[in-house]
1. Counting partner chain Cβ atoms within 10 Å of every residue's Cβ in B:147-153, what's the average?
2. Give me the inter-chain shielding for A:80-90: mean count of other chain Cβ atoms within 10 Å, whole number please.
3. Hey, could you get me the Stokes-Einstein D for the protein assembly as shown, Kirkwood radius over alpha-carbon pairs, 4 °C and 1.567 mPa s, rounded to whole µm² s⁻¹?
4. Which Cα, out of A:GLY63, A:ASN126, A:MET142, lies furthest along the positive dipole direction of chain A (beta carbon charges, K/R +1, D/E -1)?
5. What is the percent of Cα-Cα separations in chain B that go past 34 Å?
6. For segment A:78-155, take the alpha-carbon Rg, divide it by the Kirkwood Rh, and send me Rg/Rh.
7. Using C-alpha positions alone, give me the convex hull volume of segment B:81-176 per residue in cubic angstrom.
8. For segment A:1-137, what is the relative contact order in percent, using Cα pairs closer than 8 Å and at least 6 residues apart in sequence?
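FYI, it's all coordinate maths here, none of it is from the lab. Because the structure is predicted, anything quoted here is derived from the model rather than measured. FYI the Cβ positions are ideal-geometry reconstructions off the backbone, even for glycines, and counts take in every protein chain you see.
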Amino acid sequence: MRSEFLSTLFDLASNDPKIILITADLGFSVFEEYESKYPLQYLNVGVSEQNMIGVAGGLALDGWKPFCYSIGNFPTLRCLEQIRNILCYHSLNVTIVGMGAGFSYGSLGFSHHATEDLSILSAVPNLDLFVPTNSTNVSKLMREACVINKPSYLRLDKSYSDSIDVSFLGRNEYYLDKKEGNIVIISIGGISEEAIHAQTILHEHSLSISLCILSSFNLECEKRLANDLSDFDHVYTLEENTINGGLGSYIALLLSTHLKKSPTFHSFAIKSGFTSFVGSQQFLRKSHHIDSQSIVEYVLKNHS
Amino acid sequence: MSSDPQISRLRILELVSKAKSSHIGSAYSCVDIIEAILSCKSLEFDFTIPNSDVFILSKGHAGIALYVILEQLGLSLNDDLNSFYQNESIFSGHVSHHASQHIPLSTGSLGMGLSVASGIAFSRKIQGCSSKSRIICLMSDGELNEGSNWEAFLFAAHHKLDNLVFIIDRNGLQSMKSTEQTLAIEPLSSKLKAFNLNVVSVDGHNHAEILSALFHSYSESRPLAIIASTLKGKGVSYMEDSVEWHYRTPTDDLYRTAQTELLR
């Protein structure tokens, strides 16, 4: 996803001299070519995320369109109040780019696990979330973030599958692969690959599940989504994020708000808090029971 | 139109007492600084005009001082200031950008204004128009406890933002005790010099000294830090140099005493 982000950034920067990439001292061997080509549209503020957001706010007030880059929780939790008070309250045209969604940096340890950001940031007023599914919709989401003229958060993942083309999937839409049967799994972000894989395995067990993918919360088309979900008796959600306040909460609220009769509901999310052990993104997804195998086992146990 | 610090203080007294709000001491310590800057004919703070000068009040709890001085100077406010702090008012206790086009940034959480000011200054610098405008940020001394300020100092000095001015309202008090009893910031001037800022100390209640520092202390490639010595609660004898008037609202006899003193 990061290389898609970068190539889109090159394109945006070439067409608009007011696009500026700000990094908090991260991006070694990633941004050198960009910096060389657009030196006036690149700024490394050092390891100072609070200052990064403030400076981005100042630049935005003066007519620039900043992209603020760092990894894990650094561009979000470290400077959350600045995001809220400077960017969101003043509705400034800044995109915060968080590389390393979920357990992307699994073996680096807890400090680098971005596993609460969806919950926390979705609670901040006037901030739109842009969560690409795979590399095919990074460009579309980034370009949308660029033109909405308000703050946004772009969450880039390291593990995802390009097996489906969702290049059309913008922030305010959803992807629905409707199959026979009365089960649907809704996912967000790179972890959607686990839902896709589970769908394939379950098919081999003669169990058909439908797939729905979102790129954000607070969709304008919620009624239409709720209506589509009403075709199912069983709704599952999947996210590489805490169970508190993320996709699961959003869908549960959406269903209970719009549907007279709610389907059964189960959320695949991180339930058990911190772990003292580390591992790859795949290993940690499995440890937290949010991988394809965990989905398959649960569905088979409850539906066969 | 012009303004008079005593009249501004009277108007602050009137509005704070009516609203039963806090922070009169903090507002009084920076009235002279704000008046000197906003009434200066060489500076124009209108964020709707490209490359205008910029004034950011990072010590947002002194917002009432900024509102009143804008009103006194006949600069546009977006509503009637008599509604300060009341239900549905745009005039919040901490400074709000909804109040006027002369206020670019709402603050209230300390330590944030400097970074924004630095961003604007950086923008002007890299566009080659830094000589046309001054970016001025007023902060409190207690506010310097926040680490984010020091990130901004590093950034401003590193990028040689000589169009940027930090003014520190050095009244020596913060919200529980003095600054030196809470989290000592002295030697402040040495610290700021060590951060590669151009540091000047002035009497924060002397308009001429403030303006002289602003216009005659330019140092190429270095941001300007003005340490303005002030008295918290300046202008009313029982409020001066007192922590409690960070919080209390003067009412009844205390209101009348303050009014009498300010009318003298």
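1. So the per-residue partner count for this stretch is 5.
2. Mean partner shielding for this stretch: 4.
3. Reported coefficient: 50 µm²/s.
4. A:ASN126
5. Roughly 12 percent, once rounded to a whole number.
6. 0.98
7. About 120 Å³ per residue, rounded to a whole number.
8. That works out to 21 percent.
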